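First comes the structure, then the notes that go with it.
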Amino acid sequence: MRDELMPGTLDMLILKALSLAPMHGYAIAQHLRQVSQDVLQVEEGSLYPALQRVMAKGWAKAEWRETPTKRRARYYTITTAGRKQLGEEVAGFKRMAGAIQRVLRTQE
């Protein structure tokens, strides 16, 4: 069975990754995979549209840079508005996760 992200969480996870350091798309995907111990495997077909969405909302910006392996890549950086949004999304996610946990703990 393939685990899928809950709707709306990918933007939050991208912002969290970018809050640590500017990253290119592949590095974001690798970071999410490694930190989640291979549970979160974000495909290009989901990642890049999400990055475009995050940039369109003003939560991140991008610029072309050279990678350590001398390749050109588009590096994404979180903006001040993105940091604010990340805080709001994390708070909302924790509130929702807590509510779900309370429902799951109820007796049948």
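All of the numbers you see were taken from the coordinates with simple rules; none came from a lab. Computed from a predicted structure; not experimentally measured. Here Cβ is always computed from backbone atoms with ideal geometry, including for glycine, and neighbour counts include all displayed protein chains.
Annotations
- In the chain, helical runs assigned H by DSSP with n ≥ 4 each contribute -39500 (n - 2.57); averaged across all residues and rounded to the nearest 500, the mean residue ellipticity at 222 nm is -19000 deg cm²/dmol.
- Glu63 paired with Thr106, simple spin-label distance in nm, labels 7 Å along Cα-to-beta-carbon: 5.2 nm
- For the chain, the relative contact order works out to 28 percent when only alpha carbon pairs closer than 8 Å and six or more residues apart are counted.
- Label-to-label distance, nm, for residues given as Arg53 and Tyr26 (7 Å Cα→Cβ offset): 2.5 nm
- Lysine pair count for region 9-105 with Cα-Cα distance under 17 Å and sequence separation of 8 or more or different chains is 7.
- Using every pair of separate Cα atoms, the Kirkwood estimate puts the hydrodynamic radius of region 9-105 at 14.2 angstrom.
- Each Lys or Arg adds one and each Asp or Glu takes one away; over the other residues whose Cβ falls under 9 Å from the Cβ of Ala29, this sums to -1.
- Taking label points 7 Å from Cα along the Cα-to-Cβ direction, Val39 and Val90 give a separation of 1.8 nm.
- Rounded to the nearest 20, the size of the Cβ-charge dipole of region 9-105 about its Cα centre is 220 debye, with Lys and Arg at +1 and Asp and Glu at -1.
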